[in-house]
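Accompanying notes for the structure given below.
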Amino acid sequence: MKGERVAQLELLLRSHPEGIRRAEIARRLGVHRSTISRYVAALSDRMEIYEENNLIKLRDKDEEFSPMELSVYESLAFNMGAEALASSAEFANPHLASGLRKLAMNMRSYAPRISDNALFLADKIEKEVQKNKSLSGHYNEILEVLIDCWVSGHLARLSTTLPDNEEIEIAPYFIGYKDEGDGRKPITVTGRLRHTKDIITFDIASITEARMLDETYTIPDNLKPFLHTEEKKYDAIDMIPLKLWLSEKSALNSFSEIIHDTPVLEKAQDGSWICRMKAENSIELLLRIIQSGTSVRILEPESFRKKLISLLDSILRMYR
């Protein structure tokens, strides 16, 4: 976190060559004023900083900053894209402000007007971040965890406000905007539910907690994102009362495409779960239980346990 603050301080000083006061730095970084001296000292180890008339300034050295080679048209396109992004987002993102400052430094020499506009927009975004600090801070923390999972290829465990999905585990495939049709463009995450082939998309604002898991995943090369199929329709079928042991709650996702009523869950002291529900009495249900491996075990009814054992014996005899 300190390294990130130091990097943000450098961007602030570069975008304010006239200097900036400690109180203003603290406000923009969202930290206490007393900590600014530590960040200044850390940044001073690799570049020259001085203070004049209570303004902290960065000694200009052209060789310390290597701009990207962007045309004026590319610079303006990025700036307009960032402005549209900032106006449509539900919560202001401090990383957008930081990225804009970097682009503004690149534009300073050949497109000063675009640079000034980008810096103005970065300031505006930072003010919005501070204005709704409690909400936007939590939202951006969730977003950062999801991005970390996406980039590193790790599963994410999420607590959500979605009905019947208080806690889910997901392999993030895409993170981006979704047009709701009413002008609202929430940031969404699209991914595969663990233990299933189901791909879901939901609003990041519905996530209350996110944590990266040790398990990794890969995104299929032939994946077609955002491909929606019509909901399957089923005829009336025989239902069987089930009592299942689940090693973890997310194992219930294995039955997402099986017809069943609302599961009743009871958590055991060892962290496992007991699930009671009525489900379709079909070979598909047996196959889903087999697919779950050691994560799911049939407790009741005994007749269904025997049916599964018989199926497994038949499979083993075939391979023996």
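On the given criteria, is residue 110 of a type outside the set (A, V, I, L, M, F, W, C), surrounded by fewer than 17 Cβ atoms within 10 Å (Cβ to Cβ) and in contact (Cβ under 8 Å) with a residue 24 or more places away in the chain? Answer is yes for this residue. Among the residues making up segment 47-72, those that are surrounded by 13 or more Cβ atoms within 10 Å (Cβ to Cβ), part of a loop (DSSP other than H, G, I, E, B) and modelled with pLDDT under 80 are 65, 67, 70.
Could you tell me whether residue 243 is assigned to a strand (DSSP E or B) and modelled with pLDDT under 90?
Details: assigned to a strand (DSSP E or B): yes; modelled with pLDDT under 90: no.
So residue 243 fails the test.
Being more than 28 Å from residue 252 (Cβ to Cβ), touching a helix residue (DSSP H, G or I) at 6+ places or on another chain (Cβ under 9 Å) and among the aromatic types (Phe, Trp, Tyr) is a property that does not hold for residue 173.
Can you tell me which residue is nearest to residue 127 (Cα to Cα) among those in segment 26-46 that are assigned to a loop (DSSP other than H, G, I, E, B) and of a type outside the set (Val, Ile, Thr)? So, considering only residues that are assigned to a loop (DSSP other than H, G, I, E, B) and of a type outside the set (Val, Ile, Thr), the one nearest to residue 127 (Cα to Cα) is 30. Screening segment 263-287 for residues that are at pLDDT below 85 and of a type outside the set (A, V, I, L, M) and picking the one that is nearest to the chain's Cα centre (by Cα) gives 284. Scanning segment 140-176 for residues that are at pLDDT below 85 and in a helix (DSSP H, G or I) returns 151, 152.
Considering every residue within segment 73-90, establish whether at least one is of a type outside the set (D, E, K, R), outside any helix (DSSP H, G or I) and at pLDDT 80 or above. No. Among the residues making up segment 262-306, a single one is open to solvent by 40 Å² or more (accessible area, probe 1.4 Å), part of a helix (DSSP H, G or I) and touching a helix residue (DSSP H, G or I) at 6+ places or on another chain (Cβ under 7 Å): 291.
Remark: pairs (first residue in segment 48-75, on the phi < 0 side of the Ramachandran plot; second residue acidic (Asp, Glu) and at pLDDT 60 or above; Cβ separation under 6 Å; 6+ apart in sequence or on different chains) = 59/48.
Applying a threshold of 9 Å to beta carbon distances and a minimum spacing of six or more residues, or different chains, the list of pairs starting in segment 296-313 at a residue that is more than 13 Å from residue 286 (Cβ to Cβ) and ending at one that is assigned to a strand (DSSP E or B) and among the basic types (Lys, Arg) reads 299/243; 300/243; 300/276; 301/243.
The values are calculated or read from the model by the stated rules, or taken from the named source; none is laboratory data. Keep in mind that this is a model prediction, so the values were computed, not measured. Using ideal geometry, Cβ is built from the backbone for each residue, glycine included, and neighbour counts are taken over all protein chains shown. These area figures cover heavy atoms from the full protein model, side chains too; ligands, DNA and RNA do not enter into them. Shrake-Rupley method; radii C 1.70, N 1.55, O 1.52, S 1.80 Å.
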